[in-house]
Amino acid sequence: MARLDGKVALISGGARGQGATEALLFAREGAKVVIGDLLDDEGQQIEAQIAELGGDASYVHLDVSSTADWDAAVQTALDRYGRLDILVNNAGILGRRTGIEDTTLEQWDAILDVNAKGVFLGTKAAIPALRDAGGGSIVNISSVAGLIGSKNGIPAYQASKGAVRLLTKSTAIQHASDNIRCNSVHPGMIITEMTRETLAIPEMRDFYDQNIPLGRLGTVDDIANGVLFLASDDSSFVTGSELVIDGGLVAQ
Ligand code: NAD
């Protein structure tokens, strides 16, 4: 039996990168998947790829900072598949690399709107459907940047990911009685479009090459495998926890 047989999942930011890999993996594991993103062409391609594999996915346009978009995405899961069991709050943006003094209010708001408010709105929209399904799993994608500060870190990004870490624990505690679990995932340096510019800066690339104990950068599969564990019933006694997937970077 596949690990997500009979389950319905909603993944934000599922058109590319980690979210797309999770959508494909979840479908292979038997889930029906609603993919939400701003990137309509890419999202529809992932929907088609899942159909080619014999799975079932529906792409919806979703701006995670919009309450109306979240309500429509959850409704799509209910209308097409009759239930919702899993929410992966994966959508995120990094923003320009600035220090605190040159971070503008607009930049702060833009990052917090997607990375923090987006997780809050998604969680709020999904909880009634998860409760109606008898419980479920919410997986929030934070970052190692939500665990520790960094000289080269982007302050608004760090603050947003720290907010995700604690919102996860509030959700876990307030909704344990609904049998809704909620955990955060903390990726380290993963090769995706988001990190392309960072990894092109020689000093940054050198830093990661020299400081990851397992001696390599992370892949989207490294993260998707952890998200699958937290989404599935394999983690039925895990809630309010933090899964760090970083090759040992923040353990030292
Ligand atoms: P990515 O840029 O490839 O994917 C992010 C996705 O989110 C894109 O498809 C994008 O269109 C979507 N998105 C952005 N704003 C959105 C919005 N307002 N509404 C809906 N969708 C939106 O990057 P990724 O590495 O796959 O990132 C996935 C998650 O992992 C993010 O939350 C990111 O912060 C987090 N993360 C990434 C790394 C890394 O090294 N790549 C490390 C730690 C955490």
Quiz item: So what is the 222 nm mean residue ellipticity for the chain from helices alone, if each DSSP H run of at least 4 adds -39500 (n - 2.57) and you divide by all residues, rounding to the nearest 500 deg cm²/dmol?
Solution: -13500 deg cm²/dmol
Quiz prompt | Those trypsin sites (Lys or Arg not before Pro) in segment 106-182 that DSSP places in a loop and that have at most 13 other beta carbons within 10 Å | solution = LYS151
Quiz item: Spin-label point model (7 Å from Cα, Cβ direction): what's the ASN211 to LYS151 distance in nm?
Solution: 0.8 nm
Quiz item: Using Cα pairs under 8 angstrom and six or more residues apart, how large is the relative contact order of the chain, in percent?
Solution: 18 percent
Self-check item: Rotationally averaged projected area of segment 135-204 (alpha carbon convex hull; nm²)
Solution: 5.2 nm²
Quiz prompt | Point-to-point label distance, GLN49-SER170, nm (Cα→Cβ direction, 7 Å offset) | solution = 3.5 nm
Quiz prompt | 0 to 90° range, to nearest 10: angle between helix 40-52 axis and the chain longest Cα axis | solution = 50 degrees
Practice problem: Could you please put VAL244, VAL185, VAL114 in sequence from largest to smallest accessible area, using a 1.4 Å probe? | Solution: VAL244, VAL114, VAL185
Quiz item: Any idea what Rg and Dmax come out to for the chain if you just take the C-alpha atoms, in Å?
Solution: 17.2, 54
Self-check item: Net +/- balance of residues flanking SER143 in space, Cβ distance below 10 Å, scoring K and R +1, D and E -1
Solution: +1
Quiz item: What's the local net charge at ARG96, with K and R +1, D and E -1, over the other residues with C-beta under 12 Å away?
Solution: -2
Quiz item: With +1 on each Lys and Arg Cβ and -1 on each Asp and Glu Cβ, how big is the dipole of the chain about its Cα centre, in debye rounded to the nearest 20?
Solution: 640 debye
Quiz prompt | Extension gain, SER177 back to MET194 (0.36 nm per residue minus Cα-Cα distance, nm) | solution = 2.5 nm
Self-check item: Furthest towards positive pole of dipole, ASN89, VAL64, VAL114, structure part segment 1-129, Cβ charges
Solution: ASN89
Quiz item: Which percent of the Cα-Cα distances in segment 1-80 go past 19 Å?
Solution: 27 percent
Quiz prompt | Ellipsoid semi-axes in whole angstrom, largest first, where each is sqrt(5λ) of the Cα gyration tensor of segment 35-174 | solution = 29, 18, 13
Quiz item: How much net charge surrounds PRO187 when only the other residues with a Cβ under 9 Å from the Cβ of PRO187 are counted, with Lys and Arg +1 and Asp and Glu -1?
Solution: -2
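The values are calculated or read from the model by the stated rules, or taken from the named source; none is laboratory data. Because the structure is predicted, anything quoted here is derived from the model rather than measured. Here Cβ is always computed from backbone atoms with ideal geometry, including for glycine, and neighbour counts include all displayed protein chains. These area figures cover heavy atoms from the full protein model, side chains too; ligands, DNA and RNA do not enter into them. Shrake-Rupley method; radii C 1.70, N 1.55, O 1.52, S 1.80 Å.
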